[in-house]
1. Mean residue ellipticity at 222 nm from the helices of the chain, using -39,500 (n - 2.57) per DSSP H segment of n ≥ 4 over the full residue count, to the nearest 500 deg cm²/dmol?
2. Carbon and sulfur together cover what percent of the accessible area of the chain at a 1.4 Å probe radius?
3. When the C-alpha atoms of region 139-180 are aligned to their principal axes, what extent does each axis show, in angstrom, from largest down?
4. Give the share of C-alpha pairs in each 5 angstrom bin for region 100-158, from 0 to the last occupied bin, in whole percents, shortest bins first.
5. Using a Förster distance of 22 Å, how high is the FRET efficiency between residue 20 and residue 120, based on the Cβ-Cβ distance and rounded to 0.05?
6. GNM, the chain, Cα, under 10 Å: largest mean-square fluctuation among 113, 42, 149?
7. Quick check: with the 1.4 Å probe, what order do 125, 36, 105 take by accessible area, largest first?
8. Taking the Cα centre of the chain as origin, sum charge times position over the Cβ atoms of Lys and Arg (+1) and Asp and Glu (-1), and report the length of that vector in debye to the nearest 20.
Amino acid sequence: MFTYRKNINAEKEKEIRASFDEMTGFLTKMETGREITALLSRPAEGVYAFFLFDIDNFKQANDLHGHIFGDYCIREFVERLKKFCREDDIIGRIGGDEFVVFGTISDEEGARRKAARLCQKLDTICEDSGSCWKMSVSVGIALAPQHGRSFAKLYEKADKALYQTKDKGKNGYTVYEEKE
């Protein structure tokens, strides 16, 4: 019985660790998707915003200054992002330099205001041990339930908006719009 309980506890600890990104402490892509989909499966409690962040030209930081410096830049990004998120927001790292923030928002204009503030605060210089690199972000935004009621749909639409931001020169945001 003791061995069985010990194995169950070890398995639960593995599951919990697998749900969080080791470097940032944010949810993994899979867990982010689960939590957002679970939240959206309940009766709607208002409007939600799905913010998809991509650190602009991040490969440059790694290529010019090494991966240790790149990791430092990720941690700087994370600390700045946390300051703008509410306790009940769902925050996930879904790729090397891609992040999601999902939470309630008053309306589309509220999402735009929040994105503008975030872009401004994340436009910074990362400096560490003599290395220096300018960091900025591109953001794509999808709204729920207007643009979808699942992680997959919102991710798809926020990704389209993100690429519009990149096409406009990066360091900004775009809210997804249905094309007719």
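1. Working: 6 runs with 86 residues, N = 180.
Mean residue ellipticity, 222 nm, calculated: -15500 deg cm²/dmol.
2. On the way: 5130 of 10270 Å².
So the carbon and sulfur contribution to the accessible surface is 50 percent.
3. 30, 22, 11
4. Percent of Cα pairs in each bin: 4, 16, 22, 19, 14, 10, 7, 5, 3, 0.
5. Numbers: r = 28 Å, r/R0 = 1.28.
It comes out at approximately 0.20.
6. Judging by the Gaussian network model, the answer is 42.
7. Working: 125 85, 36 0, 105 25 Å².
If we order 125, 36, 105 from most to least accessible, we get 125, 105, 36.
8. On the way: 29 positive and 31 negative charges, 55 e Å.
Dipole magnitude for the chain comes out near 260 debye.
The values are calculated or read from the model by the stated rules, or taken from the named source; none is laboratory data. Note that the coordinates shown come from a computational prediction; the quantities given were computed from them, not determined experimentally. Using ideal geometry, Cβ is built from the backbone for each residue, glycine included, and neighbour counts are taken over all protein chains shown. Please note that ligands, DNA and RNA were not included when accessible areas were found on the heavy atoms of the full protein model with its side chains. Shrake-Rupley method; radii C 1.70, N 1.55, O 1.52, S 1.80 Å.
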